[in-house]
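Worksheet for the structure shown next.
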Amino acid sequence: MTIQIANALYRYFEALYELNQNILVLCGVDVLDNCEQYEKQAESVIQMIPRLVPYARDKNTGDYKIISRDGLLEFSNEIPFLDEDYQQPLKNHYDFLITIKTIRNKLEHRMHGAVVSSSGSGSVILFEINYKIVHQGEE
């Protein structure tokens with residue numbers, strides 16, 4: 001492993017740590033007592049996932065796929081298991097990752113274009129957040 005790869009890994013580990021912290025906060029939220037106090041953590045999670053998992057929509061097929069030269073996959077020659085390890089989350093959580101990318105894109109280009117429409121917390125489902133995509137003119 002080169003110093004360049006080690007330095008790159010550090011940033012990804014740091015991002016994973018931040019992601020985990022925010023998810024733990026969301027798991028402990030009581031939406032009745034903490035109304036609207038968790039949206040910053042939720043948006044941080046939504047922004048972070050596409051940074052960690054290099055996936056994008058193929059313009060020809062419309063399907064989402066792992067981008068083989070993005071993110072840590074730049075080092076796939078030195079770390080050969082990365083490509084296969086990135087394929088599993090996309091395969092196992094395809095619909096979720098599409099939703100995350102849709103909300104993230106809206107938040108990135110029109111911060112007011114994705115708003116929390118409902119949320120919940122409980123014992124079986126630790127937390128649930130539903131976003132509504134607001135199109136221009138609907139505000």
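The values are calculated or read from the model by the stated rules, or taken from the named source; none is laboratory data. Here the structure is a predicted model, which is why all the values come from computation and not from measurement. Using ideal geometry, Cβ is built from the backbone for each residue, glycine included, and neighbour counts are taken over all protein chains shown. Only protein heavy atoms, including side chains, enter the accessible area calculation; ligands, DNA and RNA are left aside. Shrake-Rupley method; radii C 1.70, N 1.55, O 1.52, S 1.80 Å.
Figures for the structure shown
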item: Which label in [x] 1.09; [y] 0.95; [z] 1.01 gives the computed Rg/Rh (Cα atoms, Kirkwood Rh); result: [z]
item: Cβ-Cβ FRET estimate between Q37 and Y17, R0 fixed at 22 Å, reported to 0.05; result: 0.55
item: Residue-normalised accessible area of the chain, expressed per residue, 1.4 Å probe, Å²; result: 68 Å²
item: For the chain: relative contact order, % (alpha-carbon pairs under 8 angstrom, 6 or more apart); result: 21 percent
item: The stretch 32-118 - percent of accessible surface contributed by carbon and sulfur, probe 1.4 Å; result: 48 percent
item: For Y10, solvent-accessible area (1.4 Å; no DNA, RNA or ligand), Å²; result: 140 Å²
item: Computed [θ] at 222 nm, helices only, for the chain once each DSSP H run of length n ≥ 4 contributes -39500 (n - 2.57); result: -16000 deg cm²/dmol
item: Contour excess over end-to-end distance, with Cα ends at Q47 and H93 and 0.36 nm allotted per residue; result: 14.9 nm
item: Extension gain from V134 to L9, taking 0.36 nm per residue of separation minus the Cα-Cα distance; result: 41.4 nm
